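First up is the structure itself, then whatever we jot down about it.
The values are calculated or read from the model by the stated rules, or taken from the named source; none is laboratory data. Model, not experiment: these values are computed from the prediction. Cβ sites come from the backbone with ideal geometry, for glycine too, and all protein chains shown count toward neighbours. With ligands, DNA and RNA removed, areas are computed over all heavy atoms of the protein, side chains included. Shrake-Rupley method; radii C 1.70, N 1.55, O 1.52, S 1.80 Å.
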Amino acid sequence: MEFVIKKICCIGAGYVGGPTMAVIAEKCPHIEVNVVDINTSRIAAWNSPDFDNLPVFEPGLADILKKCRNRNLFFSCDIEKHISESDMIFISVNTPTKTKGIGAGQASDLKWIEASARQIAKYAKGETIVVEKSTIPVRTAETIKIILESTNSNETTQKFHILSNPEFLAEGTAINDLENPDRVLIGGENKEAIGLLTAIYKRWVPKNKIIETNLWSSELS
């Protein structure tokens, strides 16, 4: 793998995606970060000139947005464009509890994860690192991998590396949790892909707090 991370796309502008990408944008001013979502009103709220209208209320978040928004942090509904241009794509969408079918009331509904993976398979170009950042059940990475590898895309140069980077955010302290994490867990099968995500976190997280492992262990956490 011989590329540097110049552009990041995050699918999902919710409670995890928005703050996480804001902190990455602040700590990595050399990287362009695009947060995309199909929800137009949510994107409009992220772009609002009135910072009281943000869809997520976390101490410190507005201050970061004032510095980074429209500099190297952007919120958009243009999912196709930003997937196709990105070197690293975070999947940070909701995984609600299933309301019907097998596992109703208990199992996680992966429909948004699967839809995101299909969009990546359709639009991504070249070599792309895909990071699962949602709160998800074990083996989700395998589901993403199957979708990405079974796509009928004509893009013969497509190559994907799947990483798991679980979030440990608490409501009310999300920015502090991101800026001063107890640990950052990165699981994957490709050492270079893991190294590229590690390099991003190392800009503000001590190396001894970044734990590199395999996909299975990362998801189990």
Item to check | Candidate set from the stretch 3-22 (those that are buried (at least 24 other Cβ atoms within 10 Å of the Cβ) and of a type in the set (A, V, I, L, M, F, W, C)); member that is farthest from the chain's Cα centre (by Cα) | outcome: Ala22
Item to check | Residue that is modelled with the lowest pLDDT, among those in the stretch 84-124 that are in a loop (DSSP other than H, G, I, E, B) and within 23 Å of Ile5 (Cα to Cα) | outcome: Val93
Checklist entry - Which of the residues that make up the stretch 181-221 are charged (D, E, K, R) and in a loop (DSSP other than H, G, I, E, B)? => result Asp182, Arg183, Glu189, Lys202, Arg203
Checklist outcome for this item: Checked pairs for the stretch 190-209, first more than 14 Å from Ile8 (Cα to Cα), second open to solvent by less than 70 Å² (accessible area, probe 1.4 Å) and assigned to a helix (DSSP H, G or I), C-beta under 7 Å and 6 or more apart or across chains, list as Arg203/Lys27; Trp204/Lys27; Trp204/Glu179
Next on the checklist: It is to be established whether one or more residues within the stretch 48-57 are surrounded by 15 or more Cβ atoms within 10 Å (Cβ to Cβ) and within 18 Å of Asn176 (Cβ to Cβ).
Outcome noted: yes
Checklist entry - For the stretch 31-55, what are the residues that are more than 21 Å from Ile89 (Cα to Cα) and not hydroxyl-bearing (Ser, Thr, Tyr)? => result Ala44, Ala45, Pro49, Asp50, Phe51, Asp52, Asn53, Leu54, Pro55
Checklist entry - Taking the stretch 192-221 only, how many residues are open to solvent by 10 Å² or more (accessible area, probe 1.4 Å) and more than 21 Å from Cys28 (Cβ to Cβ)? => result 8
Next on the checklist: Among the listed residues Asp87, Asp78, identify the single one that is under 26 Å from Thr198 (Cβ atoms) and open to solvent by 20 Å² or more (accessible area, probe 1.4 Å).
Outcome noted: Asp87
